[in-house]
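First comes the structure, then the notes that go with it.
The values are calculated or read from the model by the stated rules, or taken from the named source; none is laboratory data. On a predicted model such as this, the values are computed, not experimentally measured, just so you know. Here the Cβ positions follow ideal geometry from the backbone for every residue, glycine too, while neighbour counts run over all protein chains shown. Ligands, DNA and RNA are stripped out before the accessible areas are found, and what is left, the full protein with its side chains, is counted by its heavy atoms. Shrake-Rupley method; radii C 1.70, N 1.55, O 1.52, S 1.80 Å.
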Amino acid sequence: MNIHEYQTKELLRSYKIPVPDGRMAHSANQALVVAEQLGGDGWVVKAQIHAGGRGKAGGVQLANSLDEVQQYAENLIGTRLVTKQTGEAGRMVNRVLVEQIHQIETEYYLGLVIDRASQRITLIASAAGGMEIEEVAAATPEKVINEVVDPAVGLQDFQCRKVAAGIGLSGKQIVKAARIMKSLYRCFRDKDALMVEINPLVTTKDGQFLALDAKMSFDGNALFRQPEITDQRDFDEEDPKEIEASGHDLNYIALDGSVGCIVNGAGLAMATMDAISLYGGRPANFLDVGGGASPEKIANAFRIVLEDPNVKVLLLNIYAGINRCDWIAEGIVKAMADQVIDVPIVVRLAGTNLEAGRAILADSGLDFIHADRLSDAAEKSVKAVNGGAV
Amino acid sequence: MSILVNKDSRVIFQGFTGQHATFHAQEAIRMGTQVVGGVTPGKGGQTHIDRPVFDTVKEAVVATGADVSVVFVPPPFSADAIMEAIEAGIKVIVVITDGVPVQDMVRVKRYLIGHDAIIIGPNTAGVITPEECKVGIMPAHIYPKGRIGVVSRSGTLNYEAVEQMSELGLGISTSISIGGDPVNGCDFLTLLKQFSEDSDTDAVLMIGEIGGSQEVEAATWARAHLNKPLVGFIAGATAPPGRTMGHAGAIISGEADTAQAKMQRLAELGVSVVQNAAEIGQTVRNSLS
């Protein structure tokens, strides 16, 4: 789960990590009030969306007057911002963050991740701040420092000092930076984060550190014990269909092809999408119905997939383990009784109670394209999209 | 032979009296698995499906000689249950539970250091040595006994591959799903090493996914050390970057995480790479000749 920059900064502030003075605003007038209260003679107005690349897309504006603050906020709020991470549709800007401008001396990168190679929390730092850390790591790996944290004792001060020295800091700056790293680690650990990134962490002309931009994501599996984080979820940032699907305990991700997919298990669901692609088609979605799919769950899956107007054929591929083919077949029959379906349906069932499942489908008198194997299922779906004989 | 579990394995279930654990314990018993009891704190002394219930894993181990545990304990309490099993001397701990917090698993893996135990999962379909021992939620009847070792992240894609192989007359020595989480108890490499030494396994099938570098690490080791064919598949060639595809660990965070990049690396490392999941069985058979 992701949160907005302004929320991340409030969280970091509560851990005594220095962030610029600023506040979130829902409207241009509110932005103006925030700027007045902040004082000074320069402000930055930042669109708050859960996607990177805002700067290049015009989502971050420097204002030299209060009028400009109001104008930029007016321009941003209520428009869709298209960045390299949002896709063509862009993301609606519902709020902005207004902050004081600071004179920057140097920029660093500071982050923590769950590193999959070491299977531990790892501190990442670089003197090459303000750039994408993946790009820095690819082009100049010597500029990126990784420090693995032993979970038994947590991040130690000496590790922080070592990292601070490694990115070229010296003297008192090492102590200050180490304190920020330690606080960042505590925040990461306490809140069950998966990733936190301060990029850039800057030093100002007067020698202070500031987290100029910050991003944080959290472990969805740990939200049961993180009510404060859960409360910050912004449903406007998520696909309404994905939210609805998760309400039915379905894992749905919309894609842009024409073969709607209903599969059980994430691995088989991906492999099914891949097979469709190999036979020349394109999947319209990822959908994992999970184990123990009841007839209601299958019917909901049908409805959600078929709401997508791009879907020209529906492929159901179920390998029943804890699932049972007869339950799945009942679900299909229920789904087809509940709604008018005007696209061909390809059904591939395998595993537990296969014969019973097939019998239910045959007795229903409904029109299906049967497939015995994964290859048939993918091939027949793609042919059906193209209107060919199957 | 086989790896991890066999007909002599003495199995307990943690969270024994819950609905799912009960069902799958019965299924395991039906296949001939030696289920010797279970643990549900607070219900010690009772009998459940004709097996004794204990309050602690330690008591269960002392009373029954259990050496394998299947964990069905809900996510908030899973880490505690796994560490309890480690401390009690259980050798193979299979964690079926889906949704265990990642940082809990980071701590569990730290606790594991210095103990002679292996954790499979979490979020796994489990382990099966056909006709001997089933510690998981897979349908036993689709797993014929044979000489192919299988390691996968996914459960259902594992079933799919096994069916393709069985249609070609190939059976399974042991099959393991390691689960779809980014921090999991056991990686592909650990299991490849075990299969390498198993005289009942003629070839190994590794079914990976987008995200992480486990498959490449395993294949790198295999190139120098594995004395039998290795067939590989990576699911998720059509997955969009930055999205979690059902499994928490199935996410493309960089170029090296993509299915295409991983399959290319695997091929360079001498793995027989399957491009189309529908051809897994055939590729395994070809690798044997």
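So in the stretch A:110-132, with the set limited to residues that are more than 10 Å from every other protein chain (Cβ to nearest Cβ) and within 27 Å of B:R107 (Cβ to Cβ), which one is surrounded by the fewest Cβ atoms within 10 Å (Cβ to Cβ)? Filtering the stretch A:110-132 for residues that are more than 10 Å from every other protein chain (Cβ to nearest Cβ) and within 27 Å of B:R107 (Cβ to Cβ), the one surrounded by the fewest Cβ atoms within 10 Å (Cβ to Cβ) comes out as A:T122. Taking each residue of the stretch A:183-199 that is at positive phi and looking for partners that are part of a loop (DSSP other than H, G, I, E, B) with beta-carbon atoms closer than 7 Å, six or more apart or interchain, yields A:D192/A:D219; A:D192/A:Q226; A:D192/B:P101. Looking at this structure, is B:V5 part of a loop (DSSP other than H, G, I, E, B), modelled with pLDDT of 95 or more and closer than 27 Å to A:P151 by Cα? Spelling it out, it is not the case that B:V5 is part of a loop (DSSP other than H, G, I, E, B), modelled with pLDDT of 95 or more and closer than 27 Å to A:P151 by Cα.
All conditions but one from (1) more than 21 Å from A:A293 (Cα to Cα); (2) outside any helix (DSSP H, G or I) apply to A:V382; the one that does not is (2).
The residue that is modelled with the lowest pLDDT, among those in the stretch B:227-252 that are surrounded by fewer than 16 Cβ atoms within 10 Å (Cβ to Cβ) and more than 7 Å from chain A (Cβ to nearest Cβ), is B:G242.
Within the stretch B:195-207, the set of residues being surrounded by 19 or more Cβ atoms within 10 Å (Cβ to Cβ) and not in a loop (DSSP other than H, G, I, E, B) comprises B:F195, B:A203, B:V204, B:L205, B:M206, B:I207. All of (1) within 26 Å of A:D21 (Cβ to Cβ); (2) within 14 Å of another protein chain (Cβ to nearest Cβ) hold for A:D192 with one exception: (1). Report whether or not A:Q30 is outside any strand (DSSP E or B), over 30 Å from B:R110 (Cα atoms) and open to solvent by 50 Å² or more (accessible area, probe 1.4 Å). Criteria met by A:Q30. Given B:A278, B:A267, B:A239, B:A256, which one is assigned to a loop (DSSP other than H, G, I, E, B) and out of contact with any Cys (no Cβ under 6 Å at 6 or more places or on another chain)? Result: B:A239 is the single residue among B:A278, B:A267, B:A239, B:A256 that is assigned to a loop (DSSP other than H, G, I, E, B) and out of contact with any Cys (no Cβ under 6 Å at 6 or more places or on another chain).
Of the residues making up the stretch A:216-238, those that are more than 9 Å from every other protein chain (Cβ to nearest Cβ) and either open to solvent by 50 Å² or more (accessible area, probe 1.4 Å) or assigned to a strand (DSSP E or B) (or both) are A:M216, A:S217, A:F218, A:P227, A:E228, A:T230, A:D231, A:R233, A:F235, A:D236, A:E238. Quick one: is B:G169 at pLDDT 95 or above, of a type outside the set (S, T, N, Q) and in a loop (DSSP other than H, G, I, E, B)? Spelling it out, B:G169 is indeed at pLDDT 95 or above, of a type outside the set (S, T, N, Q) and in a loop (DSSP other than H, G, I, E, B). Restricting attention to the stretch B:124-165, the residues that are more than 9 Å from every other protein chain (Cβ to nearest Cβ) and either part of a loop (DSSP other than H, G, I, E, B) or open to solvent by 10 Å² or more (accessible area, probe 1.4 Å) (or both) add up to 10. Considering every residue within the stretch A:278-286, establish whether at least one is over 19 Å from B:L157 (Cβ atoms) and either part of a strand (DSSP E or B) or more than 31 Å from the chain's Cα centre (by Cα) (or both). So far as the stretch A:278-286 goes, no, none of its residues is over 19 Å from B:L157 (Cβ atoms) and either part of a strand (DSSP E or B) or more than 31 Å from the chain's Cα centre (by Cα) (or both). Scanning the stretch A:333-390 for residues that are on the phi > 0 side of the Ramachandran plot and surrounded by fewer than 16 Cβ atoms within 10 Å (Cβ to Cβ) yields a count of 2. If you go through the stretch B:166-194 and keep only what is surrounded by fewer than 22 Cβ atoms within 10 Å (Cβ to Cβ) and within 14 Å of B:V231 (Cβ to Cβ), you end up with B:L168, B:L170.
Residues that are part of a strand (DSSP E or B), over 17 Å from the mean Cα position of the chain (by Cα), buried (at least 21 other Cβ atoms within 10 Å of the Cβ) and at the interface with chain B (Cβ under 9 Å from one of its Cβ atoms) are absent from the stretch A:249-259 altogether.
Is at least one residue of the stretch A:196-214 over 30 Å from A:E36 (Cβ atoms) and not β-branched (V, I, T)? Yes - at least one qualifying residue is present in the stretch A:196-214.
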